[in-house]
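Here is the structure we will look at, set down as structure tokens.
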Amino acid sequence: MSAPVPVVGVGADGLDGLAPRSRRVLEAATAIHGSPRQLELVADLGVPLYPWPSPLVPALPVLFGEIARSDAAIVASGDPMFHGIGSTLARIIGPQRLHVYPAPSSASLAAARLGWPLAGLDVHSCVTADPHVVLATARPGGRALVLCRDASTPAALARVLVDAGLGESALTVLADLGARAESRHALTATELTGAIEITGASARWSDLCVAAVEYRAAPGAAVVPGGPAPGLPDAAYANDGQLTKRVARAVTVAALDPHPGALLWDIGGGSGSIGIEWSRMAPGARAVAVERDPGRAGRIRANAIRLGVPGLDVVEGAAPAALDGLPRPDAVFVGGGVTAPGLLDACWDALRPGGRLVAAAVTLESERVLADRHATHGGTLTRLGVETAEPLGSFTGWRPARPVVHLECVKPVEPSEEGSTP
């Protein structure tokens, strides 16, 4: 195997900000590959420059081989492993074939300018994602950094915050961090939205910007809680009655064990609550909601956007047929259709080793299916009963909800699969 390919991070200050070792690596390269903006920053080195092709990802395996054989280098923005090309290369090519030389990331520079501790700070990338992603963690009193796609992102973010009752949130747009043209603009989400709508003014900053947010609720606004805890209020979901209620939902999501990068199949999605809360629980957690009713499928999409997980995938169709071609899941929740012939077997077969299957039943027929499954596959069978205090005449009494039976199973890892990623 050839020597690892150097991937060098470059800040907006270009060669002036490069560490001596990073500069020596680029000077020794036979050629430098990267985006046009990064290549422009290192043009004074006099090394041949090659911009990335478009689309890049399909071309990477062959192109990377040519780069490695020719002793060329790659330049990236800031820290290549922080929402950068380094992460893509590590995933597609393999980390052992890279030698990364990071520069400060835009998040590090923004936190330094603001005096915000970076540890524990929510960082969202809107380079490709919808700005609604911030709502998954938006909590009044909290803070976040948003990596912007271009100069229009802060205005789109402001509109999302205003619509969510967070119009008083403070927005600080930091542009061209590290460059001589670095700028800072502070205003509220409401002020930015009003300025764009009233004057039609173009952005006051460049495309190379980061938005820092301090969340504040508008007076009297009903704000959906942000954060990774399961069990959002039932009222947070638009629904037609097909909704896993709050307590059962919290138990279900915990049993499914959300973790970074994991994929959930939410079968019989209803209002999408399980897939939505799974996705909010861990960075990069993904969900596919399978729902046969078109009206409910549309409602799932709307709920997902409003609750901060616009990337949730919705598949319209009846399971198990609708499962064909879906990526292999790390966890499966069957909230509807337990009695459909072959459904549980199809989910179990598709599940990754070490993954979890959780199924719910509210009828005698579906309870019987789960009891039989428990007898053959083991796991944990639980019956949940919840009572809520409600008015009873001039007094208060307990109103029981319909009991829910839960089956939770973990798929065994075969000896040959030890060490595989679930």
- Item | Area accessible to solvent at Ser366, 1.4 Å probe radius, in Å² | 10
- Ranked by accessible surface with a 1.4 Å probe, highest first, in what order do Thr380, Thr193 come? Thr380, Thr193
- Contact order relative to length of the range 98-145, as percent, for alpha carbon pairs under 8 angstrom and 6 or more apart: 38
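Taking all protein chains in place and a 1.4 Å probe, what share, in percent, of the accessible surface of the range 297-341 do carbon and sulfur account for?
Details: 980 of 1830 Å².
Roughly 54 percent, rounded to a whole number.
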- Scalar couplings 3J(HN,Hα) for the range 143-158 by Karplus 6.51 cos²θ - 1.76 cosθ + 1.60 (θ = phi - 60°), nearest whole Hz, x for Gly and Pro, are 9, 7, 10, 10, 7, 8, 6, 7, 5, 7, 4, x, 5, 5, 5, 4
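Where in the chain is the longest stretch that carries no trypsin sites (Lys or Arg not before Pro) classed as loop by DSSP and with at most 16 other Cβ atoms within 10 Å?
Answer from the scan: 246-422.
Please compute the length gained on full extension between Ala195 and Ala222, using 0.36 nm multiplied by the number of residues separating them and subtracting their Cα-Cα distance. Present the calculation step by step, with values, prior to reporting the outcome.
Working: separation 27, 0.36 × 27 = 9.72 nm, distance 2.46 nm.
Additional length available on full extension: 7.3 nm.
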- Query: Percent relative contact order of the chain, based on C-alpha pairs within less than 8 angstrom and at least six residues apart?
  - Reply: 10
- Note on the structure: From the Cα centre of the range 60-120 to that of the range 296-353, the distance in Å is 34
- Message: Probe radius 1.4 Å, ligands and nucleic acids ignored: give me the carbon and sulfur share of the accessible area of the range 1-148 as a rounded percent.
- Response: 55
- In Å², nearest 10: area of Arg139 left accessible to a 1.4 Å probe: 120
- Please quote Rg/Rh for the chain to two decimal places, taking the Kirkwood radius as Rh and restricting both calculations to Cα atoms. 1.04
- Considering only protein heavy atoms, what per residue accessible area in square angstrom results for the range 95-174 with a 1.4 angstrom probe? 40
- Task: Provide the per residue accessible area, probe 1.4 Å, for the range 270-354, rounded to a whole number of square angstrom.
- Result: 37
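The values are calculated or read from the model by the stated rules, or taken from the named source; none is laboratory data. Just so it is clear, the structure is predicted and the values come from calculations on it, not from any experiment. Cβ coordinates were reconstructed from backbone atoms using ideal geometry, including for glycine residues, and neighbour counts include every protein chain displayed. Heads up: the accessible areas ignore ligands, DNA and RNA and are worked out on the full protein's heavy atoms, side chains in. Shrake-Rupley method; radii C 1.70, N 1.55, O 1.52, S 1.80 Å.
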